[in-house]
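So the structure is just underneath, and the comments pick up after that.
The values are calculated or read from the model by the stated rules, or taken from the named source; none is laboratory data. It should be emphasised that the depicted structure is a prediction, and the values quoted were computed from it without experimental measurement. Cβ atoms come from the backbone with ideal geometry, glycine included; neighbour counts cover every protein chain shown.
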Amino acid sequence: MDFYEVIRTRRSIRSYRSEPVPEEVLNRVLEAARIAPSGDNRQPWRFIVVKDEGLKRRLVPACGNQSFIAEAPVVVVACGRNIDYDRGRYMGGFSMLVDVSIAFTHLVLAARAEGLGTCWIGDFSNEEVKRVLGVPEGANVVAVTPLGYPKDEGFAGPGPRKSLKEIVSVDKF
């Protein structure tokens, strides 16, 4: 699939078939996240692949009661180690959020290229997800996504977006 088609047709999927994701497909998606760039090559990420049905169900209340999360055959939880790096000289300990988000974007786009659906979940309780999955101190949850083959929803172009003129400036803000 053409890269720009992947970008154009990536969308949030909230209904999944129970069909398992083949290990070789899952590994290609995870590899895309692994090779993502990070500041000073710190790679502060850790991806938890959740397949256990009980754990997936326990993540639902920790993720705003979005029940479709447990419907997918896989849930991927992206975590980041807190790093001592002050990106932009103002982000402090939040610098790892940028790096983990870059890697997670690689994962989401690779999933689309494989015909898999994802939904970047931002509504979650960091402390509750950490408790459910045993994430240690010094690390935090950055994002969660179900991962699987779409059930009823197909892939389509993006919804309404601002024009380039509204979001791009040349030379100055």
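Looking at Glu127 and the list (1) out of contact with any strand residue (DSSP E or B) (no Cβ under 7 Å at 6 or more places or on another chain); (2) on the phi > 0 side of the Ramachandran plot; (3) not aliphatic (A, V, I, L, M), which single condition is not satisfied?
All conditions are met except number (2).
Quick check on Arg28: is it charged (D, E, K, R), buried (at least 16 other Cβ atoms within 10 Å of the Cβ), farther than 30 Å from Asp86 by Cα and in contact (Cβ under 8 Å) with a residue 12 or more places away in the chain?
No, not satisfied.
Only one of these conditions is not met by Pro61: (1) over 17 Å from Val144 (Cα atoms); (2) of a type outside the set (Gly, Ala, Ser); (3) surrounded by fewer than 17 Cβ atoms within 10 Å (Cβ to Cβ). Which number is it?
(1)
Yes or no, residue by residue, for (1) of a type in the set (Phe, Trp, Tyr); (2) in contact with a strand residue (DSSP E or B) (Cβ under 6 Å, 6 or more places away or on another chain); (3) outside any loop (DSSP other than H, G, I, E, B):
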{"residue": "Glu19", "(1), (2), (3)": "no, no, no"}
{"residue": "Arg28", "(1), (2), (3)": "no, no, yes"}
{"residue": "Ala36", "(1), (2), (3)": "no, no, no"}
{"residue": "Asp40", "(1), (2), (3)": "no, no, yes"}
{"residue": "Ile48", "(1), (2), (3)": "no, yes, yes"}
{"residue": "Val60", "(1), (2), (3)": "no, no, yes"}
{"residue": "Ile69", "(1), (2), (3)": "no, yes, yes"}
{"residue": "Val75", "(1), (2), (3)": "no, yes, yes"}
{"residue": "Gly80", "(1), (2), (3)": "no, yes, yes"}
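Yes/no per residue for (1) surrounded by 11 or more Cβ atoms within 10 Å (Cβ to Cβ); (2) touching an Asp or Glu at 6+ places or on another chain (Cβ under 6 Å); (3) among the hydroxyl-bearing types (Ser, Thr, Tyr):
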| site | (1), (2), (3) |
| --- | --- |
| Ser12 | yes, no, yes |
| Pro20 | yes, no, no |
| Asn41 | no, no, no |
| Lys51 | yes, no, no |
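Could you say whether any residue in the range 108-128 is free of Cβ contacts under 8 Å to residues at least 24 places away in the same chain, assigned to a loop (DSSP other than H, G, I, E, B), in contact with a helix residue (DSSP H, G or I) (Cβ under 6 Å, 6 or more places away or on another chain) and farther than 18 Å from Arg10 by Cβ?
There is no residue in the range 108-128 that is free of Cβ contacts under 8 Å to residues at least 24 places away in the same chain, assigned to a loop (DSSP other than H, G, I, E, B), in contact with a helix residue (DSSP H, G or I) (Cβ under 6 Å, 6 or more places away or on another chain) and farther than 18 Å from Arg10 by Cβ.
Considering only residues that are modelled with pLDDT under 95 and of a type in the set (Asp, Glu), look in the range 64-98 and name the one that is surrounded by the most Cβ atoms within 10 Å (Cβ to Cβ).
Within the range 64-98, the match that is surrounded by the most Cβ atoms within 10 Å (Cβ to Cβ) is Asp86.
Only residues that are within 15 Å of the chain's Cα centre (by Cα) and closer than 17 Å to Ala72 by Cβ: list them for the range 1-26, please. Explain how you work it out, then say what you get.
At the first step, the residues of the range 1-26 found to be within 15 Å of the chain's Cα centre (by Cα) are 7, 10-14, 26.
Residues satisfying the conditions are Arg10, Arg11, Ser12, Ile13, Arg14, Leu26.
Could you list, in sequence order, all residues of the range 138-162 that are modelled with pLDDT under 95 and either of a type in the set (Phe, Trp, Tyr) or surrounded by fewer than 15 Cβ atoms within 10 Å (Cβ to Cβ) (or both)?
Listed by number, the residues that qualify are Gly138, Asp152, Glu153, Gly154, Phe155, Ala156, Gly157, Pro158, Gly159, Pro160, Arg161.
Return the total of residues in the range 133-168 being touching a residue at least 24 places away in the same chain (Cβ under 8 Å), assigned to a helix (DSSP H, G or I) and out of contact with any strand residue (DSSP E or B) (no Cβ under 9 Å at 6 or more places or on another chain).
The qualifying residues number 0.
Just need a number here: residues in the range 105-137 that are aromatic (Phe, Trp, Tyr) and surrounded by fewer than 17 Cβ atoms within 10 Å (Cβ to Cβ). Quick ask: steps written out before the conclusion?
Kept after step one, since they are aromatic (Phe, Trp, Tyr), are these residues of the range 105-137: 120, 124.
With surrounded by fewer than 17 Cβ atoms within 10 Å (Cβ to Cβ) added as a condition, the list becomes 120.
Going through the range 105-137 one residue at a time, the tally reaches 1.
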